[in-house]
Amino acid sequence: MTLRELDLEELKWLHEHELSEAFPPEELKPFAAMEKLCASGLYHPVGAYEGADLVGYALLWESPGGKYVLIDYLGVTASRRNGGLGARILSLLREKFAHWDGIIVESEAPDGGDHDALRERRMDFYRRCGFTFLDYDCVLFGVHYAVCLCSPSGKGTRDETLEAHQALYRRQFSQWAYDRFIQIPRDPDHPLEPPESWAEQSDLPGLEERKEDNL
């Protein structure tokens, strides 16, 4: 298996044919949002290939200062699931980022509902692949996530991870949008709002406007 960065046309195909099937609407960024992130130079959609066949993917979001990367989406194509390919992709990512301080993952947290067994299995998957769940969670668009870390260099810390995690979203969103949609870390005393679709992002300021916010 090899990893190769996808161009925008390949990312659009992936979004339409794989991501939209694998992720619920409230967890899936619109393609336009991904396109804008790619233009920032910090978002890297990667395909996993066996020969010429796409068998999986990882959409990687680099922290502004480097050193940390968030796996925004990770998956195996529908026809190749349950064959151990997800663990192999993570192994290749650990090699790719061997000198980085942290690979961050947001995994949907159990909430006492019907989907808890699946969420626990996902969390166990990351544990088996060398990730450690941290002592803070986050809320993104009304969805509660547990946060885990793998430090390929061995230098990653909880506080630096939190800072890099916050910086990713603060760079993408204006302050009002960050305050409305994002909690990093989650405030346990703040009740969870109903999940909100990423489609609302179409109304959010663009990267250029966000840069102006910081002037």
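Each value in this text was obtained by applying a stated rule to the coordinates, not by laboratory testing. Being a predicted model, the structure only gives us computed values, none of them experimental. Here Cβ is always computed from backbone atoms with ideal geometry, including for glycine, and neighbour counts include all displayed protein chains.
Side notes on the structure shown:
- Counting lysine pairs in the range 2-201 whose alpha carbons fall under 23 angstrom apart, excluding pairs fewer than 8 residues apart on the same chain, gives 6.
- Summed side-chain charge close to Glu16 - residues other than Glu16 whose Cβ falls under 12 Å, Lys, Arg +1, Asp, Glu -1: -3
- Order of Met34, Met123, Met1 under a 10 Å beta carbon neighbour criterion, fewest first: Met1, Met123, Met34
- Its residues counted as N, the range 2-201 yields a C-alpha radius of gyration over 2.2 N^0.38 Å of 0.97.
- Under 13 Å, Cβ to Cβ, from His190 - net charge with Lys/Arg +1 and Asp/Glu -1: -3
- For Ala78, net neighbour charge (Lys/Arg +1, Asp/Glu -1) across residues whose Cβ lies under 12 Å away: 0
- Once the chain from Asp159 to Asp187 is taken as fully extended at 0.36 nm per residue, the excess over their C-alpha distance is 8.4 nm.
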